[in-house]
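A short write-up of the structure that comes next.
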Amino acid sequence: MTVAESPAHVGEDEMQGGRDNPENGSVHLGGYHMPLGSSKAFWGWLTLNLSTGPTSAMLFTYLPAAIQTVANTIGHVPGSDEPCAAMGVITCVVPFGSREVDYLTYFLYLSSITRAVEAVACIITSGIADYSRFRKPLMMSAIYSFGALSLPLAALTAPSLSTLHALSALYCVSTVVMGVFMIIQASYIPIFMASVRGTLSDNPAQAEPGRGGASWAKGAKVSTWGIVMSNIGMVASVLVGVIIAHAQRPPPGASLNSYLLAMTVSGAVTISIAVVGHFLLPGIPGIRRPRNESVISLPFRSCWGLVRSVSSHPEAFKFCAGWVLWDAAWFNFIPLLSSLFLETTGLDLAAGAFSIFTLLGIVAGCVGCLAWMYAFPQVSTPIKTWLYTLLGVNILCVFWGCVGISARSAIGLKWAAEFWVIQVLFMTTNSALLSYNRVVYASFIPKGSEALLSGLIFILDLVTGWILPLIQGAIQDNTHNLRYSMLLSLGLMVASIPFFVWVRVEKGTKEAGKPLAGFA
């Protein structure tokens with residue numbers, strides 16, 4: 001199986017088999033252009049981010065809540081046949097394989113399995129996406145599949161063990177597909193930055209005077225508005241869920257059916273909007289690969305190139321290590337916060353509190369990243385000051401949840417009011433820090449390695465991240481207190497600080513002018 005570049009984007013000497021194309025050895029980057037400087041391309045990018053928002057909202061909020069609700073409904077109190085409580089301190093077990101586990105541990109174990117499978121898919125995706133002109137088709141296929149996987153959810157209304165398994169399977173596959181398109185989406189940010197007129201994509205450190213700032217501003221704009229558009233899609237999706245639930249007026253305990261229907265509608269919306277973005281975003285030719293190199297071997301070749309590049313691009317790898325630790329921490333904290341909120345306020349989605357809580361988090365995320373985008377070019381401060389401030393607030397929020405571990409503590413996510421404050425503070429600073437990380441890391445990426453290095457974040461996060469839910473599941477199974485699991489997120493966030501401090505941003509941008517090992 002071979003993949004050839006589009007003749008429309010390469011010259012005669014750059015075609016596979018041309019006189020400069022090696023049969024073995026290094027990959028030749030060539031002179032492919034990056035047609036992302038137009039407003040049409042930018043709007044195509046935003047449209048595709050908008051399209052994934054509705055289904056992402058369901059995947060991160062209502063689908064886990066649906067799994068939690070069904071597990072609670074079919075579960076029982078350990079040692080008896082009594083049904084599980086739906087509010088307060090809940091002790092409830094459900095079948096998991098050959099044994100029974102806490103109903104929240106079930107989802108934590110499911111998350112661990114999902115992240116392990118997602119890691120394999122992401123390794124393959126990041127290894128081949130840069131080599132072919134199929135970067136866009138790969139992303140579009142993933143987005144269409146992402147929406148299609150939500151379509152069957154409306155039929156899964158009967159609370160039973162088979163329904164729990166079906167919801168779990170759809171959650172697992174949807175999350176894996178989402179990981180694939182997130183890698184490719186992230187790889188577009190450095191390409192947009194390189195499209196700024198006057199910026200030399202071969203060596204960002206040699207850009208025209210003042211254009212380096214323009215490139216960073218472009219990256220901040222693309223990264224931030226991508227997050228905002230995705231969040232707008234999430235808001236619309238949650239509102240659809242609220243409208244459907246109130247229009248149907250389900251009896252107490254039957255609100256799950258309305259939200260499953262909303263998930264199906266969200267999937268259809270994702271597919272419809274993605275069609276528009278498909279036509280707006282131009283295709284991008286990939287780098288040429290050595291002749292006689294099979295597509296199957298490309299991920300292994302790419303991973304070996306990454307290992308060999310640690311010494312030549314140390315800043316990118318140091319930043320990557322800090323980002324992975326922080327990413328694993330917040331990614332596991334948010335579901336814990338949502339599950340704890342549901343336990344505190346009651347497992348009835350029709351009550352409206354969970355919908356408002358979810359909406360508040362999304363809106364806070366939009367405000368946070370937009371505020372950072374507008375403040376970034378205006379505030380004269382060392383760039384890492386943003387990092388320390390935003391990360392500090394994140395750590396404070398997680399620490400606040402850990403304070404409530406003691407039964408004698410009167411605070412620490414014990415009252416509903418605390419959840420609202422923590423949700424605003426955490427989501428505002430978290431989205432801003434995500435925008436910051438994406439821009440800084442994009443400035444470290446050499447031309448021709450966009451998907452590979454963008455995927456490295458996801459791969460390392462997934463390869464290591466599947467362990468965390470396993471540990472959290474074991475803790476929850478023994479303590480039945482989600483706040484204990486927050487200690488792991490707190491530890492990971494604190495552990496990320498030395499790596500972020502160690503990074504020298506200016507040196508990293510200069511290293512981006514050198515290709516990775518084997519890509520010269």
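The values are calculated or read from the model by the stated rules, or taken from the named source; none is laboratory data. Source: prediction; values computed, not measured. Because the Cβ atoms are built from the backbone with ideal geometry, glycine has one as well, and the counts that use them run over all protein chains shown.
A495 satisfies every condition listed in (1) part of a helix (DSSP H, G or I); (2) surrounded by 24 or more Cβ atoms within 10 Å (Cβ to Cβ) except (2). Taking the criterion of being touching a residue at least 60 places away in the same chain (Cβ under 8 Å) and within 21 Å of the chain's Cα centre (by Cα), the residues of region 369-396 that qualify are C369, L370, A371, W372, M373, L387, L391, N394, I395.
Of all residues in region 296-326, exactly one satisfies the criterion of being crowded, with 21+ Cβ neighbours inside 10 Å, among the aromatic types (F, W, Y) and more than 14 Å from G508 (Cβ to Cβ), namely W326.
Report yes if some residue within region 458-468 is in contact with a helix residue (DSSP H, G or I) (Cβ under 9 Å, 6 or more places away or on another chain), among the acidic types (D, E) and closer than 26 Å to Y109 by Cβ; otherwise report no.
yes
Does L456 fit the bill of being modelled with pLDDT of 85 or more, in the same structural domain as T479 (by the TED database) and crowded, with 17+ Cβ neighbours inside 10 Å? Spelling it out, it is not the case that L456 is modelled with pLDDT of 85 or more, in the same structural domain as T479 (by the TED database) and crowded, with 17+ Cβ neighbours inside 10 Å.
The residues on offer are F333, F341, F319, F354, and the sole one that is assigned to a helix (DSSP H, G or I), over 28 Å from A442 (Cα atoms) and at pLDDT 85 or above is F341. Does region 377-386 include one or more residues that are modelled with pLDDT under 90, aliphatic (A, V, I, L, M) and in the same structural domain as L359 (by the TED database)? Looking for residues that are modelled with pLDDT under 90, aliphatic (A, V, I, L, M) and in the same structural domain as L359 (by the TED database), one finds at least one in region 377-386, hence yes. Quickly run through region 70-94 and pick out the residues that are under 10 Å from L164 (Cβ atoms), assigned to a helix (DSSP H, G or I) and not small (G, A, S). Scanning region 70-94 gives V70, T73, I74.
Here is the figure for region 95-106: residues that are closer than 16 Å to S160 by Cα and surrounded by fewer than 22 Cβ atoms within 10 Å (Cβ to Cβ) total 4.
Let's see how each residue does on (1) within 22 Å of the chain's Cα centre (by Cα); (2) not β-branched (V, I, T):
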position	(1), (2)
W326	yes, yes
N332	yes, yes
E343	no, yes
F354	yes, yes
V367	yes, no
W400	no, yes
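Beta carbons closer than 7 Å, at least 6 apart along the sequence or on distinct chains, pair a first residue in region 492-510 that is touching a residue at least 12 places away in the same chain (Cβ under 8 Å) and under 14 Å from V440 (Cα atoms) with a second that is buried (at least 16 other Cβ atoms within 10 Å of the Cβ) and β-branched (V, I, T) for V505/V440.
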